[in-house]
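Visitor: Can you keep this structure in mind? I'll have questions shortly.
The values are calculated or read from the model by the stated rules, or taken from the named source; none is laboratory data. Worth saying up front: this structure is predicted, and the values here are computed from it rather than measured. Cβ sites come from the backbone with ideal geometry, for glycine too, and all protein chains shown count toward neighbours.
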Amino acid sequence: MKIKLDKKDLIERLQIVQNMVSKRSALPILSNYLLETDRSARKLWITSTDLEVGIKSSLDAIVEEDGSITLPARKLGEILHELPSNGSSDVVLELKDNNRVQVLGAHSKFQIVGIPKDDYPVLPEFKKDQAIEFPSAVLLDMIRKTVFAASNEETRYVLNGVLFVLNQGKVSLVATDGRRLAAVYSEGVASDKNFQAIIPTKALLEVGRVAERSAGNPSASGPVLVEISENRAGFYIDGTTIFSRLIDGNFPGWEQVIPRKPGVKATVRVEPFLAVTKRASLCISDRVGTCRYKFFKNHCQVTSKTLGHYEFEEEIDSVSFDGEEGFEISFNPHHVMDYLKNITADKFEIQLTTSVNPALFATPENPRYSYVVMPTRSQ
(Lines give C-alpha, C1' and ligand atoms only; values in the text may rest on other atoms or scores of the structure.)
Protein backbone atom coordinates (compact mmCIF):
# COMPACT_ATOMS: atom_id res chain seq x y z
CA MET A 1 0.00 0.00 0.00
CA LYS A 2 1.28 3.44 -0.96
CA ILE A 3 -0.88 6.55 -1.07
CA LYS A 4 -0.51 10.30 -1.27
CA LEU A 5 -3.23 12.57 0.07
CA ASP A 6 -4.02 15.94 1.59
CA LYS A 7 -3.17 16.06 5.30
CA LYS A 8 -6.08 18.34 6.18
CA ASP A 9 -8.58 16.07 4.41
CA LEU A 10 -7.14 13.03 6.17
CA ILE A 11 -7.39 14.65 9.60
CA GLU A 12 -10.99 15.69 8.91
CA ARG A 13 -11.95 12.14 7.94
CA LEU A 14 -10.25 10.71 11.01
CA GLN A 15 -12.27 13.14 13.13
CA ILE A 16 -15.44 11.77 11.56
CA VAL A 17 -14.71 8.16 12.50
CA GLN A 18 -12.76 8.65 15.74
CA ASN A 19 -15.68 8.35 18.18
CA MET A 20 -16.18 4.67 17.46
CA VAL A 21 -12.58 3.71 18.19
CA SER A 22 -12.71 1.45 21.23
CA LYS A 23 -10.61 2.77 24.12
CA ARG A 24 -10.91 -0.12 26.58
CA SER A 25 -11.64 -3.15 24.46
CA ALA A 26 -10.34 -6.65 25.09
CA LEU A 27 -9.56 -6.66 21.37
CA PRO A 28 -6.51 -4.42 20.71
CA ILE A 29 -7.36 -4.16 17.02
CA LEU A 30 -10.49 -2.15 17.87
CA SER A 31 -8.21 0.63 19.09
CA ASN A 32 -7.04 0.97 15.49
CA TYR A 33 -8.36 2.56 12.33
CA LEU A 34 -8.74 0.22 9.39
CA LEU A 35 -7.23 1.79 6.26
CA GLU A 36 -8.11 0.32 2.85
CA THR A 37 -7.34 1.70 -0.60
CA ASP A 38 -9.22 1.53 -3.89
CA ARG A 39 -6.87 2.40 -6.72
CA SER A 40 -9.52 2.40 -9.45
CA ALA A 41 -11.72 4.81 -7.49
CA ARG A 42 -8.72 6.81 -6.19
CA LYS A 43 -10.04 6.49 -2.64
CA LEU A 44 -8.85 5.73 0.87
CA TRP A 45 -11.45 4.15 3.15
CA ILE A 46 -11.14 4.57 6.92
CA THR A 47 -13.18 2.43 9.32
CA SER A 48 -13.70 2.32 13.08
CA THR A 49 -16.08 0.25 15.19
CA ASP A 50 -16.85 -0.68 18.78
CA LEU A 51 -18.83 -3.74 17.60
CA GLU A 52 -22.17 -1.99 18.23
CA VAL A 53 -21.70 0.98 15.90
CA GLY A 54 -19.34 1.20 12.94
CA ILE A 55 -18.35 4.13 10.73
CA LYS A 56 -16.69 3.99 7.33
CA SER A 57 -15.63 7.15 5.51
CA SER A 58 -13.75 7.82 2.28
CA LEU A 59 -11.55 10.57 0.88
CA ASP A 60 -9.71 11.23 -2.36
CA ALA A 61 -6.17 9.89 -2.61
CA ILE A 62 -3.48 9.18 -5.17
CA VAL A 63 -3.11 5.41 -4.83
CA GLU A 64 0.15 4.05 -6.20
CA GLU A 65 -0.25 0.59 -4.65
CA ASP A 66 -3.40 -0.95 -3.20
CA GLY A 67 -3.36 -2.45 0.26
CA SER A 68 -4.79 -2.42 3.76
CA ILE A 69 -3.61 -2.17 7.37
CA THR A 70 -4.94 -1.17 10.78
CA LEU A 71 -3.07 1.56 12.66
CA PRO A 72 -3.29 2.80 16.28
CA ALA A 73 -5.88 5.58 16.13
CA ARG A 74 -4.49 7.82 18.83
CA LYS A 75 -0.89 7.67 17.64
CA LEU A 76 -1.78 8.25 13.99
CA GLY A 77 -3.80 11.31 14.96
CA GLU A 78 -0.97 12.71 17.09
CA ILE A 79 1.55 12.25 14.29
CA LEU A 80 -0.62 13.93 11.67
CA HIS A 81 -1.31 16.93 13.89
CA GLU A 82 2.42 17.47 14.50
CA LEU A 83 3.59 16.68 10.99
CA PRO A 84 5.18 19.86 9.54
CA SER A 85 3.84 21.22 6.26
CA ASN A 86 6.66 23.43 4.95
CA GLY A 87 4.43 24.73 2.17
CA SER A 88 3.07 21.31 1.20
CA SER A 89 -0.17 19.80 2.43
CA ASP A 90 0.64 16.33 1.12
CA VAL A 91 1.28 13.30 3.29
CA VAL A 92 2.43 9.88 2.10
CA LEU A 93 1.52 6.58 3.78
CA GLU A 94 3.48 3.54 2.65
CA LEU A 95 3.18 0.00 3.98
CA LYS A 96 6.59 -1.60 4.51
CA ASP A 97 7.64 -5.05 5.74
CA ASN A 98 6.41 -6.47 9.06
CA ASN A 99 3.25 -4.34 9.06
CA ARG A 100 5.20 -1.12 9.43
CA VAL A 101 3.69 1.99 7.87
CA GLN A 102 5.92 4.90 6.95
CA VAL A 103 4.35 8.35 7.30
CA LEU A 104 6.09 11.08 5.30
CA GLY A 105 5.44 14.80 5.40
CA ALA A 106 7.83 17.59 4.40
CA HIS A 107 11.17 16.56 6.01
CA SER A 108 9.71 14.29 8.72
CA LYS A 109 9.46 10.53 8.61
CA PHE A 110 7.58 8.36 11.11
CA GLN A 111 7.06 4.63 11.28
CA ILE A 112 4.06 3.00 12.96
CA VAL A 113 3.60 -0.70 13.57
CA GLY A 114 0.13 -1.79 12.52
CA ILE A 115 -1.94 -4.97 12.68
CA PRO A 116 -3.15 -6.81 9.56
CA LYS A 117 -6.84 -6.37 8.89
CA ASP A 118 -7.57 -10.12 9.04
CA ASP A 119 -9.13 -9.96 12.52
CA TYR A 120 -10.84 -6.60 12.04
CA PRO A 121 -14.65 -6.86 12.10
CA VAL A 122 -16.20 -6.69 8.64
CA LEU A 123 -18.89 -4.04 8.33
CA PRO A 124 -21.93 -4.95 6.23
CA GLU A 125 -22.43 -3.59 2.76
CA PHE A 126 -24.70 -0.57 2.48
CA LYS A 127 -27.39 -1.33 -0.10
CA LYS A 128 -28.25 1.99 -1.69
CA ASP A 129 -30.92 0.41 -3.88
CA GLN A 130 -32.85 -0.61 -0.74
CA ALA A 131 -32.44 2.69 1.10
CA ILE A 132 -34.88 5.55 1.51
CA GLU A 133 -33.88 9.16 0.90
CA PHE A 134 -34.28 11.74 3.62
CA PRO A 135 -33.36 15.45 3.59
CA SER A 136 -30.23 15.82 5.70
CA ALA A 137 -31.37 18.98 7.50
CA VAL A 138 -34.75 17.46 8.37
CA LEU A 139 -33.27 14.27 9.82
CA LEU A 140 -30.70 16.26 11.80
CA ASP A 141 -33.46 18.42 13.29
CA MET A 142 -35.55 15.36 14.21
CA ILE A 143 -32.59 13.72 15.93
CA ARG A 144 -31.87 16.87 17.94
CA LYS A 145 -35.49 17.08 19.04
CA THR A 146 -35.67 13.52 20.38
CA VAL A 147 -32.35 11.92 21.27
CA PHE A 148 -31.91 13.85 24.54
CA ALA A 149 -35.08 12.26 25.95
CA ALA A 150 -33.75 8.68 25.68
CA SER A 151 -32.74 6.87 28.85
CA ASN A 152 -29.10 6.31 29.80
CA GLU A 153 -29.90 3.76 32.49
CA GLU A 154 -28.43 0.38 31.55
CA THR A 155 -31.29 -1.46 33.26
CA ARG A 156 -33.75 0.06 30.76
CA TYR A 157 -32.00 -1.15 27.64
CA VAL A 158 -34.99 -0.81 25.31
CA LEU A 159 -35.21 2.89 26.24
CA ASN A 160 -31.51 3.47 25.44
CA GLY A 161 -32.49 4.12 21.85
CA VAL A 162 -34.83 6.09 19.63
CA LEU A 163 -37.82 4.49 17.95
CA PHE A 164 -37.63 5.02 14.18
CA VAL A 165 -40.95 4.43 12.40
CA LEU A 166 -41.77 4.61 8.70
CA ASN A 167 -45.46 4.22 7.89
CA GLN A 168 -47.02 5.22 4.57
CA GLY A 169 -44.44 7.89 3.84
CA LYS A 170 -44.48 9.32 7.36
CA VAL A 171 -41.32 9.05 9.46
CA SER A 172 -41.57 9.36 13.25
CA LEU A 173 -38.77 9.49 15.82
CA VAL A 174 -39.68 8.86 19.46
CA ALA A 175 -37.57 8.75 22.61
CA THR A 176 -38.45 8.39 26.29
CA ASP A 177 -36.79 7.69 29.61
CA GLY A 178 -40.09 6.95 31.37
CA ARG A 179 -40.34 10.46 32.83
CA ARG A 180 -40.55 12.47 29.62
CA LEU A 181 -41.21 11.69 25.97
CA ALA A 182 -40.20 13.47 22.77
CA ALA A 183 -41.88 12.66 19.46
CA VAL A 184 -41.50 14.29 16.06
CA TYR A 185 -42.60 13.32 12.58
CA SER A 186 -42.09 14.30 8.95
CA GLU A 187 -44.23 13.41 5.97
CA GLY A 188 -43.68 13.03 2.26
CA VAL A 189 -40.97 10.36 2.26
CA ALA A 190 -40.95 8.68 -1.14
CA SER A 191 -41.14 5.05 -0.04
CA ASP A 192 -43.73 2.30 0.05
CA LYS A 193 -41.90 0.55 2.90
CA ASN A 194 -43.26 0.29 6.43
CA PHE A 195 -41.06 -0.61 9.40
CA GLN A 196 -40.11 0.32 12.93
CA ALA A 197 -36.79 -0.14 14.69
CA ILE A 198 -35.10 0.96 17.91
CA ILE A 199 -31.78 2.58 17.04
CA PRO A 200 -29.19 3.07 19.82
CA THR A 201 -28.80 6.66 20.96
CA LYS A 202 -25.06 6.45 20.34
CA ALA A 203 -25.62 5.66 16.67
CA LEU A 204 -28.07 8.50 16.09
CA LEU A 205 -25.75 10.95 17.82
CA GLU A 206 -23.08 9.96 15.31
CA VAL A 207 -25.54 10.31 12.43
CA GLY A 208 -26.42 13.78 13.69
CA ARG A 209 -22.77 14.73 14.10
CA VAL A 210 -21.86 13.63 10.57
CA ALA A 211 -24.98 15.28 9.12
CA GLU A 212 -24.07 18.52 10.87
CA ARG A 213 -20.53 18.44 9.46
CA SER A 214 -21.96 17.74 6.02
CA ALA A 215 -24.41 20.64 6.31
CA GLY A 216 -21.47 22.96 6.99
CA ASN A 217 -19.56 21.73 3.95
CA PRO A 218 -20.41 23.77 0.82
CA SER A 219 -19.19 20.96 -1.44
CA ALA A 220 -21.44 18.36 0.19
CA SER A 221 -24.78 17.67 -1.37
CA GLY A 222 -27.53 15.11 -1.43
CA PRO A 223 -29.86 13.53 1.11
CA VAL A 224 -29.21 11.03 3.84
CA LEU A 225 -29.82 7.46 2.72
CA VAL A 226 -31.38 5.24 5.38
CA GLU A 227 -31.44 1.45 5.21
CA ILE A 228 -33.17 -0.60 7.91
CA SER A 229 -32.96 -4.40 7.92
CA GLU A 230 -34.03 -7.03 10.42
CA ASN A 231 -31.19 -6.47 12.89
CA ARG A 232 -29.27 -3.38 11.80
CA ALA A 233 -29.57 0.16 10.52
CA GLY A 234 -27.37 1.93 8.00
CA PHE A 235 -27.01 5.62 7.16
CA TYR A 236 -25.08 7.07 4.22
CA ILE A 237 -24.09 10.76 4.39
CA ASP A 238 -21.68 12.45 1.98
CA GLY A 239 -19.16 9.62 1.62
CA THR A 240 -19.62 8.30 5.17
CA THR A 241 -21.58 5.20 6.16
CA ILE A 242 -22.73 4.52 9.72
CA PHE A 243 -23.93 1.06 10.72
CA SER A 244 -25.56 0.09 13.98
CA ARG A 245 -27.09 -2.93 15.59
CA LEU A 246 -30.74 -2.48 16.49
CA ILE A 247 -32.00 -2.75 20.05
CA ASP A 248 -34.05 -5.90 20.47
CA GLY A 249 -37.25 -5.43 22.45
CA ASN A 250 -40.66 -3.82 22.47
CA PHE A 251 -40.78 -0.04 22.67
CA PRO A 252 -43.54 1.04 25.08
CA GLY A 253 -46.79 2.36 23.66
CA TRP A 254 -46.23 6.06 23.19
CA GLU A 255 -49.05 7.58 21.16
CA GLN A 256 -51.52 7.28 24.01
CA VAL A 257 -49.09 9.11 26.31
CA ILE A 258 -49.48 12.37 24.37
CA PRO A 259 -52.40 14.32 25.90
CA ARG A 260 -55.23 14.79 23.41
CA LYS A 261 -57.84 16.64 25.48
CA PRO A 262 -57.02 20.33 25.89
CA GLY A 263 -56.97 21.62 29.44
CA VAL A 264 -55.60 24.96 30.54
CA LYS A 265 -52.77 26.57 28.67
CA ALA A 266 -49.79 28.75 29.52
CA THR A 267 -48.21 30.65 26.64
CA VAL A 268 -44.64 31.57 27.51
CA ARG A 269 -41.72 33.35 25.88
CA VAL A 270 -38.84 30.91 25.47
CA GLU A 271 -35.83 33.05 26.37
CA PRO A 272 -36.92 34.36 29.81
CA PHE A 273 -38.46 31.01 30.79
CA LEU A 274 -35.25 29.17 29.92
CA ALA A 275 -33.18 31.75 31.80
CA VAL A 276 -35.26 31.62 34.99
CA THR A 277 -35.28 27.81 34.90
CA LYS A 278 -31.48 27.80 34.63
CA ARG A 279 -31.25 30.04 37.67
CA ALA A 280 -33.70 27.88 39.60
CA SER A 281 -31.70 24.76 38.76
CA LEU A 282 -28.71 26.20 40.63
CA CYS A 283 -30.51 25.65 43.92
CA ILE A 284 -31.26 21.96 43.53
CA SER A 285 -28.75 19.34 44.54
CA ASP A 286 -28.81 17.00 41.52
CA ARG A 287 -30.47 16.17 38.21
CA VAL A 288 -33.50 14.67 39.94
CA GLY A 289 -34.36 17.86 41.80
CA THR A 290 -37.51 19.86 41.12
CA CYS A 291 -38.65 23.40 40.37
CA ARG A 292 -42.14 24.67 41.17
CA TYR A 293 -44.01 26.84 38.68
CA LYS A 294 -47.01 28.83 39.93
CA PHE A 295 -49.02 30.36 37.10
CA PHE A 296 -51.10 33.52 37.23
CA LYS A 297 -52.92 35.38 34.45
CA ASN A 298 -49.93 37.47 33.37
CA HIS A 299 -46.96 36.11 35.29
CA CYS A 300 -45.34 33.00 36.73
CA GLN A 301 -43.57 32.45 40.04
CA VAL A 302 -40.65 30.02 39.91
CA THR A 303 -39.16 28.54 43.09
CA SER A 304 -36.63 25.85 43.99
CA LYS A 305 -34.74 24.76 47.07
CA THR A 306 -32.49 22.24 48.67
CA LEU A 307 -33.61 21.91 52.27
CA GLY A 308 -31.20 23.55 54.68
CA HIS A 309 -28.87 24.79 51.93
CA TYR A 310 -30.30 26.81 49.02
CA GLU A 311 -33.49 28.59 48.03
CA PHE A 312 -34.56 30.46 44.90
CA GLU A 313 -37.61 32.55 43.96
CA GLU A 314 -38.34 34.77 40.97
CA GLU A 315 -41.34 36.06 39.04
CA ILE A 316 -41.42 36.54 35.28
CA ASP A 317 -44.12 38.44 33.43
CA SER A 318 -43.67 37.02 29.94
CA VAL A 319 -46.55 34.59 30.52
CA SER A 320 -50.20 34.36 29.48
CA PHE A 321 -52.28 31.81 31.42
CA ASP A 322 -55.94 30.95 30.78
CA GLY A 323 -56.49 28.73 33.82
CA GLU A 324 -57.27 29.29 37.47
CA GLU A 325 -55.01 31.81 39.20
CA GLY A 326 -52.30 30.17 41.29
CA PHE A 327 -52.15 26.85 39.41
CA GLU A 328 -49.03 25.02 40.62
CA ILE A 329 -47.01 22.28 38.99
CA SER A 330 -43.44 21.04 39.48
CA PHE A 331 -40.98 19.79 36.89
CA ASN A 332 -37.41 18.59 36.77
CA PRO A 333 -35.74 21.77 35.45
CA HIS A 334 -33.40 19.80 33.20
CA HIS A 335 -36.40 18.29 31.43
CA VAL A 336 -37.71 21.80 30.77
CA MET A 337 -34.34 23.15 29.63
CA ASP A 338 -33.66 20.22 27.31
CA TYR A 339 -36.84 21.04 25.40
CA LEU A 340 -36.31 24.79 25.25
CA LYS A 341 -32.76 24.39 23.93
CA ASN A 342 -34.06 22.42 20.96
CA ILE A 343 -36.80 24.69 19.63
CA THR A 344 -36.40 27.81 17.52
CA ALA A 345 -39.74 29.51 18.27
CA ASP A 346 -39.96 32.68 20.35
CA LYS A 347 -42.92 31.33 22.32
CA PHE A 348 -44.17 27.91 23.38
CA GLU A 349 -47.22 26.47 25.11
CA ILE A 350 -47.60 24.26 28.17
CA GLN A 351 -50.91 22.41 28.07
CA LEU A 352 -51.97 21.32 31.56
CA THR A 353 -54.81 19.39 33.16
CA THR A 354 -53.84 18.77 36.79
CA SER A 355 -50.66 19.09 38.83
CA VAL A 356 -50.10 15.32 38.67
CA ASN A 357 -50.97 14.56 35.04
CA PRO A 358 -48.50 14.75 32.14
CA ALA A 359 -47.99 18.19 30.61
CA LEU A 360 -47.65 18.77 26.87
CA PHE A 361 -45.01 21.23 25.66
CA ALA A 362 -45.55 22.40 22.08
CA THR A 363 -45.29 25.32 19.68
CA PRO A 364 -48.09 26.39 17.31
CA GLU A 365 -45.48 26.82 14.56
CA ASN A 366 -44.50 23.15 14.67
CA PRO A 367 -47.43 20.84 15.51
CA ARG A 368 -45.32 17.88 14.38
CA TYR A 369 -43.19 18.04 17.53
CA SER A 370 -44.60 16.96 20.90
CA TYR A 371 -42.83 16.87 24.23
CA VAL A 372 -44.55 15.31 27.24
CA VAL A 373 -43.23 15.72 30.78
CA MET A 374 -44.37 14.02 33.96
CA PRO A 375 -44.68 16.43 36.90
CA THR A 376 -42.51 15.86 39.95
CA ARG A 377 -43.28 16.18 43.62
CA SER A 378 -42.38 19.51 45.20
CA GLN A 379 -39.77 19.39 47.93
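Visitor: Between 317, 338, which is within 17 Å of residue 177 (Cβ to Cβ) and either surrounded by fewer than 16 Cβ atoms within 10 Å (Cβ to Cβ) or of a type in the set (D, E, K, R) (or both)?
Guide: Numbers: 317 fails: within 17 Å of residue 177 (Cβ to Cβ).
Just a single option satisfies the conditions, and that option is 338.
Visitor: Take residues that are out of contact with any Asp or Glu (no Cβ under 8 Å at 6 or more places or on another chain) and tell me which of the strands (runs of 3 or more DSSP E) falling wholly in region 1-84 contain 2 or more.
Guide: In region 1-84, 32-38, 43-49, 53-60, 62-65, 68-72 are the strands (runs of 3 or more DSSP E) which contain 2 or more residues that are out of contact with any Asp or Glu (no Cβ under 8 Å at 6 or more places or on another chain).
Visitor: Out of all the residues in region 297-314, which are surrounded by 17 or more Cβ atoms within 10 Å (Cβ to Cβ) and either of a type in the set (Phe, Trp, Tyr) or in contact with a Ser or Thr (Cβ under 9 Å, 6 or more places away or on another chain) (or both)?
Guide: Within region 297-314, 300, 302, 303, 304, 312 meet the criteria.
Visitor: Identify the single condition in (1) farther than 19 Å from residue 103 by Cβ; (2) surrounded by fewer than 15 Cβ atoms within 10 Å (Cβ to Cβ); (3) modelled with pLDDT of 95 or more that residue 51 does not satisfy, given that it satisfies every other one.
Guide: Residue 51 satisfies all of (1) farther than 19 Å from residue 103 by Cβ; (2) surrounded by fewer than 15 Cβ atoms within 10 Å (Cβ to Cβ); (3) modelled with pLDDT of 95 or more except (3).
Visitor: Of all residues in region 158-197 being surrounded by fewer than 17 Cβ atoms within 10 Å (Cβ to Cβ) and charged (D, E, K, R), which is farthest from the chain's Cα centre (by Cα)?
Guide: Here the residue is 192.
Visitor: Does residue 203 fit the bill of being surrounded by 18 or more Cβ atoms within 10 Å (Cβ to Cβ) and touching a Leu at 6+ places or on another chain (Cβ under 8 Å)?
Guide: no
Visitor: List every residue pair whose Cβ atoms lie under 7 Å apart, where the two residues are 6 or more positions apart in sequence or sit on different chains, the first residue falls within region 191-204 and is in the same structural domain as residue 163 (by TED's automatic domain parsing) and among the hydrophobic types (A, V, I, L, M, F, W, C), and the second residue, located anywhere, is surrounded by 20 or more Cβ atoms within 10 Å (Cβ to Cβ) and assigned to a helix (DSSP H, G or I).
Guide: 204/143; 204/147
Visitor: Among the listed residues 57, 31, identify the single one that is of a type in the set (Ser, Thr, Tyr), under 22 Å from residue 199 (Cα atoms), in contact with a strand residue (DSSP E or B) (Cβ under 9 Å, 6 or more places away or on another chain) and at pLDDT 95 or above. Write out each step before concluding.
Guide: Working: 31 fails: under 22 Å from residue 199 (Cα atoms).
57 is the lone residue from the list that is of a type in the set (Ser, Thr, Tyr), under 22 Å from residue 199 (Cα atoms), in contact with a strand residue (DSSP E or B) (Cβ under 9 Å, 6 or more places away or on another chain) and at pLDDT 95 or above.
Visitor: Can you name the condition, by its number, that residue 254 falls short on among (1) within 17 Å of the chain's Cα centre (by Cα); (2) within 24 Å of residue 177 (Cα to Cα); (3) surrounded by fewer than 19 Cβ atoms within 10 Å (Cβ to Cβ)?
Guide: Every condition holds for residue 254 apart from (1).
Visitor: Can you confirm whether residue 325 is touching a helix residue (DSSP H, G or I) at 6+ places or on another chain (Cβ under 6 Å) and either surrounded by 11 or more Cβ atoms within 10 Å (Cβ to Cβ) or not in a strand (DSSP E or B) (or both)?
Guide: The answer is no for residue 325.
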